[in-house]
Structure formats: structure tokens, C-alpha cells
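Have a look at the structure below before the remarks.
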């Protein structure tokens, strides 16, 4: 069939556009000229004038609806709506699943925190299952990966979930390794070894350690994968104005914890691998235990007052000897002249002594000096390393052991003793060891060995579930706070010790550095009473940093009866403080005040050292202030890394950081502390 076209249009229009209607040529009707029929009908219905004003330009119809919204916008909105529907369903499912995973992970963490190895194993598997479901739901959100900006958060979530999976793998390896020995290790489990003797339990723990330590490489590999994923997450993707600081801070914290965990395991690997050997798995080992009395502070933590020889045979500890260090000193012939600081501040001690050998702030350096004399002692014993502990170790351990231990006929506890405003165990030890009497005390510090023996007996004679877990955690705290220091002669083991920051080393550091090291040359136990606060004040101009360190000393207690004839217990007396302040190498001294001798400047351990001396009377106070410039300029907008190293044997010294006259941070220095200052 053929068709002609009828065009509808305005006769007066210059445009020939219009609606062309195909019409059959054989319809038998004469349509006349183009548009005539339509014109006729419209004329009848609307009148001629209406027709002239009517435009049937159908080829350019308006694309707006009655609300005036263009078609393209409506289509785009429809597409977005569909996409939103397609994404929101899996997004909601992912959110729900993520919340379940989060709550399950908290249950797992709680099980680990309470050292319930059996429950932890169950909860880890549940967490793996929930995380798997979350990741499957998350996979439906894959289109978001190509959306600008949004893809940041998608990728971050993807990396964090992958990191979580690797972290759970690490946890599984640890738990599976420990599970067979949960009871032996003092963890909550289904083991049946709790009824064995203390000696049998410790032997089993050491012998099984050899089966656990090979897993350290697998744990390290899993943690490396965790770090690899977390390194790809950028906390700066989360603007503070939109998300608040919480998300940014939490992600940064997780990244830091991951880095610390990986570093911890990596650094500890050499020690962990040889740990069974160090505990006497195949052949017995001997260690020299030094007791540092931090109440008479010395550079590595305290005055060396007593010692013991510990022998480990398959983990079982035997105390072969425990006595006063004065006895050991007396067995050394031809000791030579005392060191310069001793001659200067303790002129009545002309000879070198073991008890005064720990004058270096670096524990290993001090122990090397100690060994030079120890090897000459006629009563010395070959050992495999040195472990130094202070009174804080005794106090925290006795507190865990139901706060009571009996040794040498004396009952020790940690309750506050009004006679010294210190724990009762401290007063009793000083009373038995330090009080002058009108007769000869043949083994005045042997009580210390008796106390150590009693502590070990009580810890091991009961079920591991009661004490072992808390004691292990306490030991880690003591190491972190430098109340327990270790020097092992096994080179690989010592690498692990130093990696755990358990060797009391002076560290290298890029940035600002501060270590205040003090030595009490009083003879009394003044550090029981001393209070100390440190302020670090920074001023910067054209990149040059000027720093003022102020140390405030206070002794609010009255003096003790230090008359030897009256037999008083001389605890509180004048504090005679030889101090050294270690700062970045190349720092320039501007000014100092408060030292009773001229401040000297020299270099040691890659640091610049400012050395001085001052005294503080009972019920008195003193202040030392030093101002210096740091040896480098700080670029504009760059943060300043800072490391503050704690002196072993110190407690709760208060630190304040001031930048451009504004207090930035305040804290007690419990362990080495790193900061980043925006100055």
C-alpha cells in the first residue's frame, strides 16, 4: 500500500516542520491541499482565529512533565534510584553483618583478656564465620569501587577486613599451640595437669615450650600480612569535620597497634626461639640475680644491695646462693681506685666496688663494668646472664600472692606502713638490712634470698590457674616499666631482650630526645620520700627550637633519726643527687641554674650530656633549670618526634609538655614514651 503524507503546521510559519501523517493513496477520498482537512475541522470546532494561533510543531515537543522537570533529569533520577536500591540492600546487609562481626570480635577479645584459652578458641571460630559473612555481603558493593571518593572508603573497608582475617589466623595459631598446655600454663582450659606437683608442672611447661616456639614464624608471617593491609588504609580519608575525630583516631590507633605488634613479634623472635634452652630444657642454666634498691636510686635502678645465684633445670628454679653483696665485694682482691663520681661525691669510698659499679645509665655497659670486678671475686660462679630487679617487683608479686608471704620468720605484705609511708615489705626489709645494731649481722641481706624463695614456693605450690597468669602479666609490666632488666650472654637471646626493650639501653633516636638520670649519694633511702616533676618547654623561631627543661624536687617528710649510736633507722636524710641530662647530640647550652656545681657538657652514647649536682633537705625543695637549642631546624608544618626515656627504678615522675606557652600534655612517666609535637 502506498502512502502520501499530510503535514500539520501553521500556514503562516516559515518553518516546514510539522507532523507528517502517512495516508493511503487509494482511500477514495480527496484530501485536497496539504493540511486542508485539518484546517477545515479546526475551523469548525475552534474558529479561524484559534487555528491561526495554534502551533502543532509536534517534532519539537516539550520534554518536561507537568512539574517542569526535564526528561533527562527524570531518567537520571530513576537510574540513581534503581542503583540506590540495588546498592542499599547489600549495603544494609553488610552493615548488619558488620555489627554482628564487631560484637563477636569483642567477645573474642574478652575471652583472650581473661586468658580463657578454650573459650577464645570457640570465639575466634565464630568471629571468622561472621567476618566471612560480612565479606560476602560486602562483595555486592563492588560497583562502588569505581565511584570517585566513595572508592576510598570501599578500599579501606576491604583492606581492614582482609587485615582482620589475617589477624584471626595469627590468633588461631597461638591458641591452637597453647590449647594442649592451657592448664600447665595457668590458662583456663580442659587440661588435667593441675594436680601435679609444682616441679612437675614447671618441667612440663618448659618441655612443651619447644613445641610451641616453632610456630613463631607462622605468627610473624600472618602479622606481616595484617600490617601490609593496614598500611593501605589512610586515616586522612576521614575528614574531622564530617566524620569527627573518632574514626580518624581509631584507625590511626589500630595502625599503630598493628605496627607495634609486628615489631614486638619480629624483635622477640630470637628470644622466643631459644627460650626453652634458656630455661634449662636440655642442660641447666645459671643466672646472677641482682637486687637494686631503688629507694637509694642509682643510674640503672638502685643501689646494688644483694645477690643470688639461680639455677634452672628444665625450668625448675633452685637458689644455690643468696647473700649480701658486701660479702661478694670483700672476696675481690686488688680492686683498684673508685670511679671519678664516687671519689668526688663519696670521698670516703676510695676503692672500686661491685655495689658502686652500675654508674652508667646504660644497663649493659654497667654490667660489663660489674663483670670486670665479679670475675676477680674468689666466690664468683660462672653464669649465663644477669637479671636485675628492684623493690617494685617484690611489691607487685606479693600483692598477687594474696598480699602475704612469710620468709625468715617475718610476714611480708604490701599494706601502707605509716613508719615510712611505704609498703610494709619495704620497711621490714630496710629494718632488717639497714638498721645499725650493737652486734654483727652475719647475713643481713640473706633475708632477701629467703623472701625470693618464699615467693617462688608460694607461686608454684598451688594450681597454675591461680597465680601464673597474673604473675606473667605482671612480669611484662615490670619489664615495660624497667623494674626488671636482663643481660643474657647468648647473643641471639640478647637480641630478643633488647628488641623487647628489657635491657635498659640508651636508644638512638631521630628527633628530640630526653633522658634524666640520677644517682643518690646519700646513704639513706631518701627516694622513698622524694617527689619529682619535669617540665619541657619548647619555643620555635625560624625553625630553630629552644628548649627549657625544669626539674622540681620536693621532700615533704621530716628527717629520720640517723644517729648511729641511737640505733635509729636512717631512711630520710639529705638527698645528694648527681644528675645527668641526655639530649640530642650537638645541642647547645644557653643557660642553667640550680646546680651546686658548674654544669659540665660532654658526649656519650651519641648524645650530648649536661651534668650537675644538687641537694634537697627533708621538708625542703629544689629546682634545676637548663635551656639549650636543639641541633637541627624544624621545617614548617612538620611534626617534631620526641622520645623520653625513663630511668629504671623511678616511679610516677610527672611530666608536662609546653609548646609556645600552651600546655600540650601531662602524664606520669611509667615507661619510655614517644610523642609527635605540632610546634
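Each value in this text was obtained by applying a stated rule to the coordinates, not by laboratory testing. The structure presented is a predicted model; accordingly, all values stated were derived computationally and were not measured. Cβ sites come from the backbone with ideal geometry, for glycine too, and all protein chains shown count toward neighbours.
Taking only the C-alpha atoms of segment 512-677, the Rg (one decimal) and the largest Cα-Cα distance, Dmax (whole number), read 17.4, 65 Å.
Residues of segment 498-527 with an amide N closer than 19 Å to a point placed 7 Å from the Cα of residue 603 along the Cα-to-Cβ direction: 506-515. Let me make sure I get this right: for segment 117-164, a, b and c are the square roots of the gyration tensor eigenvalues over alpha carbons, sorted descending. Under 1.5 in a/c it's rounded, otherwise prolate if a/b > b/c, else oblate. Which is it? It comes out prolate by the Cα gyration axes. Arranged from fewest to most other beta-carbon atoms within 10 Å of their beta carbon, 475, 530, 253 become 253, 475, 530. Pair-distance distribution of segment 287-488: all C-alpha pairs, bin width 10 Å, starting at 0; shares per bin in whole percent are 8, 34, 38, 17, 3, 0.
For segment 466-608, report the % of Cα-Cα distances exceeding 21 Å. Can you show the working numbers first?
Details: 6467 of 10153 pairs.
The proportion of pairs with Cα distances above 21 Å equals 64 percent.
The stretch between residue 678 and residue 149 holds 187.6 nm of extra length on full extension. This uses 0.36 nm per residue minus the Cα-Cα distance.
Grab the beta carbon distance between residue 542 and residue 232, set R0 = 41 Å, and tell me the FRET efficiency rounded to 0.05. Walk me through the numbers before you get to the answer.
Working: r = 38 Å, r/R0 = 0.92.
Efficiency computed from Cβ-Cβ geometry: 0.65.
If the viscosity is 1.002 mPa s and the temperature 20 °C, what Stokes-Einstein diffusion coefficient in µm²/s follows for segment 613-679 when Rh is the Kirkwood radius over Cα pairs?
Details: Rh = 14.7 Å.
Answer from the Stokes-Einstein relation: 146 µm²/s.
The slack between residue 330 and residue 507, meaning 0.36 nm per residue of separation minus the straight C-alpha distance, is 60.2 nm.
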